[in-house]
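These notes are about the structure you will find just below.
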Ligand code: GLU
């Protein structure tokens, strides 16, 4: 049947931007007869209590999901297996570079701006041993492309640079780009709907999925919610969480109506909206919050 998912990082309360993306992920999944999964991306930046708050807020909006939410920290074996598979094919190498080393290295000819310059790609075993004494290694993927193209429901064919990106951080934690690909593959996720701040990561992830023998999911990268300064909405922008809005007298149903309105959708039961959902008519521009008409 396939599944969509919402994969929040439990670093704090969800704000309107996260909630709007979750609502869209639910609509994309349910309108296509897919399952809908919640995955708690707690490899990094987990704050005690945030997961419970997030699940409570998603449920309060009327979203439902299949099975219990799964935590990445309980799925470590999948990442290890994927790393073993890549390692056995010679596709990983140790990297000892600091951010500064990378910023200061001359970039390789034809490389995209910001691409890893390949400093550690060709180290000898003796050089690696010497470096290991000073700094733990991260693991990078030995890629054989410089760019890769994905198909996106809202952005069409989208091409971005793929460099030798990190798959295991030097503190031993699986990197986001590895974890997300492994999780989606193992959880049967075949539709990825998320904020368009992650669009430029999709080609890397699709390329890695191919190396791991996983199908590339259908992608839809949806517009973000921006504050009045045009920056990504954040907690400091005032009343942006369900708890804040409840204090201002706007309950969860009111917030859901506000989010639906921002998407050009009527305030109808979610099941009905799923039946009529048409991704082609979604706004392509960011939603500005608070809206100027609110008079705040
Ligand atoms: N955990 C990521 C975030 O909250 C989302 C990752 C994804 O959807 O691929 O930004």
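No value in this document is a laboratory result; all are computed from the given coordinates. Owing to the predicted nature of the structure, the values given are computational and were not obtained by experimental measurement. Every residue, glycine as well, gets a Cβ built from its backbone with ideal geometry; the counts of neighbours run over all protein chains shown.
Principal-axis analysis of the Cα atoms of the chain puts helix 252-262 at an angle of about 70° to the longest axis.
Measuring r between the beta carbons of residue 102 and residue 292 and using R0 = 41 Å, the FRET efficiency lands at 0.50. With the cut-off at 1.5 for a/c, could you classify the range 68-198 from its C-alpha gyration tensor as rounded, prolate or oblate? The shape class here is oblate.
Rounded to two decimals, what is Rg over Rh for the chain when you use alpha-carbon atoms and the Kirkwood radius? Kindly include the intermediate steps, with their values, before the conclusion.
Working: Rg = 20.6 Å, Rh = 20.7 Å.
Expressed as Rg/Rh, it is 1.00.
Which ordering of 182, 146 is given by a fewest-first count of other beta-carbon atoms within 10 Å?
Numbers: 182 25, 146 13.
Sorted ascending by nearby Cβ count, the order is 146, 182.
Between 223, 113, 279, where does the largest GNM mean-square fluctuation fall for the chain, given springs only between Cα atoms within less than 10 Å? Of 223, 113, 279, the most mobile in the Gaussian network model is 113.
The helix-only estimate of mean residue ellipticity at 222 nm for the chain, built from DSSP H runs of length n ≥ 4 each weighted as -39500 (n - 2.57), is -10000 deg cm²/dmol after division by the residue total. Take the Kirkwood radius over Cα pairs of the range 13-89, plug it into Stokes-Einstein at 20 °C and 1.002 mPa s, and you get 151 µm²/s for translational diffusion.
Dimensions of the range 138-296 along the principal axes, based on C-alpha atoms and rounded to the nearest Å, stand at 53, 37, 26, largest first. Most simply put, the range 157-296 has about 20% antiparallel DSSP beta bridges, counting only bridges with both residues inside it.
Binning the C-alpha pair distances of the range 1-136 at 5 Å intervals from 0 yields a P(r) profile of 2, 9, 13, 13, 12, 12, 11, 12, 10, 6, 1, 0 %, listed from the shortest bin outward. Each Cα pair under 8 Å and six or more residues apart adds its sequence gap; the mean of these over the residue count of the chain is a relative contact order of 21 percent.
Indicate the gyration tensor shape class of the range 79-143 (rounded, prolate or oblate), computed on the Cα atoms with a ≥ b ≥ c the square roots of the eigenvalues: a/c under 1.5 is rounded; otherwise a/b larger than b/c is prolate and the rest oblate. Because a/c hits 1.5 or more and a/b fails to exceed b/c, the range 79-143 counts as oblate. Computed from Cα atoms, the angle from the helix 50-60 axis to the main principal axis of the chain rounds to 40 degrees.
Round to the nearest 0.05 the FRET efficiency obtained for residue 285 and residue 71 when R0 = 30 Å and r is the Cβ-Cβ distance.
0.30
State whether the range 236-296 is rounded, prolate or oblate according to the following rule on the C-alpha gyration tensor (a ≥ b ≥ c being the square roots of its eigenvalues): a/c under 1.5 gives rounded; otherwise a/b larger than b/c gives prolate, and the remaining case gives oblate. Cα axes put the range 236-296 in the oblate bin. For the chain, give me the percentage of DSSP beta bridges that are antiparallel, rounded to the nearest 5 percent. Antiparallel: roughly 50 percent of the beta bridges in the chain.
Among 143, 73, what is the fewest-to-most ranking by other Cβ atoms within 10 Å? Let's see the in-between values first.
On the way: 143 19, 73 12.
By the 10 Å Cβ count, ascending: 73, 143.
Placing a pseudo-label 7 Å from each Cα along the Cα-to-Cβ vector at residue 44 and residue 130 gives an inter-label distance of 3.2 nm.
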